[in-house]
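A.B. asks: To start, I am sharing the structure in question, which I have written as structure tokens.
The values are calculated or read from the model by the stated rules, or taken from the named source; none is laboratory data. This one's a predicted model, so the numbers in the text were calculated from it and none came from an experiment. Ideal geometry is used to build each Cβ from the backbone, glycine not excepted, and the neighbour counts take in all protein chains shown. Just so you know, the surface numbers come from the protein's heavy atoms only, side chains and all, with ligands and any DNA or RNA stripped out. Shrake-Rupley method; radii C 1.70, N 1.55, O 1.52, S 1.80 Å.
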Amino acid sequence: MMGWQQRRLSERAQRLLRAASVHRVPNDEATVRSWLLANEPGLEPSVFVGFQRDFGGLILDIPGEVLSLGLWYEDWSGGVTGPVSDEDDDGNTLVSCGSFRAAQYALYMRGDGAIYLGEWPAASSVERYLEDMAMFSAAYGARTSRVKKFNLPQRFGERFAALELSSVEMASDWPYFAWWIGDGVFVREDGDVGGAGQVTARVFGRADSPRVAAIEAALLGS
């Protein structure tokens, strides 16, 4: 049994992981602990050990992207890239834990397991981040004919329920993101994590759908 199967993940996220290809990388506890001791001795190793054991070497195909996971992971030349350290704006230590091929962004993990996309916080845990990726896969795979993005002055939140959309609890991770679905329509709402003073909502659905039109009108009037 793969290590990630012990994690609490939706069936949707499990399907994404079952479809992953696997690249052989160091996944043993001794290697992870040795790197941390030499490079970041102040970090508690258990979060990083568990992450590498469960996800190291997985390569995920998501719409328009390929994500390679792990403190050690397959780089795009076919070799293996090892971890590097960085810091966020608050001085928290971050350790690289993956990379997107097309966008050329690195993923990072904070000592408490929070996930960063480059310098920006992206999810409270790897489980929540993978739920987000799985929702993107589902949204793009639902015969979406249009994706429209809206800038909002504040969270729309529970008002989506009045539009007959249901919250996807396992794929909602405020202040980072939340997902809402209903009748073939997907909406992803972003929090103001970067401090830009706005949140955004992306609507995935058919351009001729009355439901999509109602959601977009509500967002434009917010």
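A.B. asks: Looking at (1) in contact with a Ser or Thr (Cβ under 7 Å, 6 or more places away or on another chain); (2) open to solvent by 10 Å² or more (accessible area, probe 1.4 Å), which is the only condition residue 41 fails?
C.D. replies: (1)
A.B. asks: From 212, 147, 187, 203, grab the single residue that is touching a residue at least 60 places away in the same chain (Cβ under 8 Å), of a type in the set (A, V, I, L, M, F, W, C) and in contact with a strand residue (DSSP E or B) (Cβ under 9 Å, 6 or more places away or on another chain).
C.D. replies: Numbers: 147 fails: touching a residue at least 60 places away in the same chain (Cβ under 8 Å); 187 fails: touching a residue at least 60 places away in the same chain (Cβ under 8 Å); 203 fails: touching a residue at least 60 places away in the same chain (Cβ under 8 Å).
Residue meeting the stated conditions: 212.
A.B. asks: Applying the selection to the stretch 191-217, what residues are among the hydrophobic types (A, V, I, L, M, F, W, C), part of a helix (DSSP H, G or I) and surrounded by 16 or more Cβ atoms within 10 Å (Cβ to Cβ)?
C.D. replies: Of everything in the stretch 191-217, those that are among the hydrophobic types (A, V, I, L, M, F, W, C), part of a helix (DSSP H, G or I) and surrounded by 16 or more Cβ atoms within 10 Å (Cβ to Cβ) turn out to be 212, 215.
A.B. asks: Scan the stretch 33-61 for residues that are in contact with a strand residue (DSSP E or B) (Cβ under 9 Å, 6 or more places away or on another chain) and either within 21 Å of residue 18 (Cα to Cα) or not assigned by the TED database to the domain that holds residue 126 (or both) and report the count.
C.D. replies: The number of residues fulfilling the criteria is 9.
A.B. asks: Next up: Out of curiosity, is residue 87 within 20 Å of residue 135 (Cβ to Cβ), without any contact (Cβ under 8 Å) to a residue 60 or more places away in the chain, out of contact with any Lys or Arg (no Cβ under 6 Å at 6 or more places or on another chain) and not hydrophobic (A, V, I, L, M, F, W, C)?
C.D. replies: The answer is no for residue 87.
A.B. asks: Take the stretch 1-18 and flag every residue that is part of a loop (DSSP other than H, G, I, E, B) and surrounded by 13 or more Cβ atoms within 10 Å (Cβ to Cβ).
C.D. replies: Answer for the stretch 1-18, where residues must be part of a loop (DSSP other than H, G, I, E, B) and surrounded by 13 or more Cβ atoms within 10 Å (Cβ to Cβ): 2, 7, 9, 10.
A.B. asks: Restricting to the stretch 127-162, give me the number of residues that are over 28 Å from residue 221 (Cα atoms) and open to solvent by less than 10 Å² (accessible area, probe 1.4 Å).
C.D. replies: 3
A.B. asks: Okay, moving on. Would a scan of the stretch 82-94 turn up a residue that is open to solvent by less than 40 Å² (accessible area, probe 1.4 Å), under 15 Å from the mean Cα position of the chain (by Cα), among the charged types (D, E, K, R) and assigned by the TED database to the domain that holds residue 16?
C.D. replies: No, the stretch 82-94 has no match at all.
A.B. asks: Quickly run through the stretch 108-117 and pick out the residues that are open to solvent by 20 Å² or more (accessible area, probe 1.4 Å) and either touching a strand residue (DSSP E or B) at 6+ places or on another chain (Cβ under 8 Å) or farther than 14 Å from residue 97 by Cα (or both).
C.D. replies: Once the filter is applied, which keeps residues that are open to solvent by 20 Å² or more (accessible area, probe 1.4 Å) and either touching a strand residue (DSSP E or B) at 6+ places or on another chain (Cβ under 8 Å) or farther than 14 Å from residue 97 by Cα (or both), the stretch 108-117 yields 108, 110, 111, 117.
A.B. asks: How many residues does the stretch 19-47 contain that are among the charged types (D, E, K, R), in a helix (DSSP H, G or I) and touching a residue at least 24 places away in the same chain (Cβ under 8 Å)?
C.D. replies: Total meeting the criteria: 1.
A.B. asks: Another question about this same structure. Just name the residue that is modelled with the lowest pLDDT out of those in the stretch 163-190 that are part of a loop (DSSP other than H, G, I, E, B) and within 19 Å of residue 221 (Cα to Cα).
C.D. replies: So, considering only residues that are part of a loop (DSSP other than H, G, I, E, B) and within 19 Å of residue 221 (Cα to Cα), the one modelled with the lowest pLDDT is 164.
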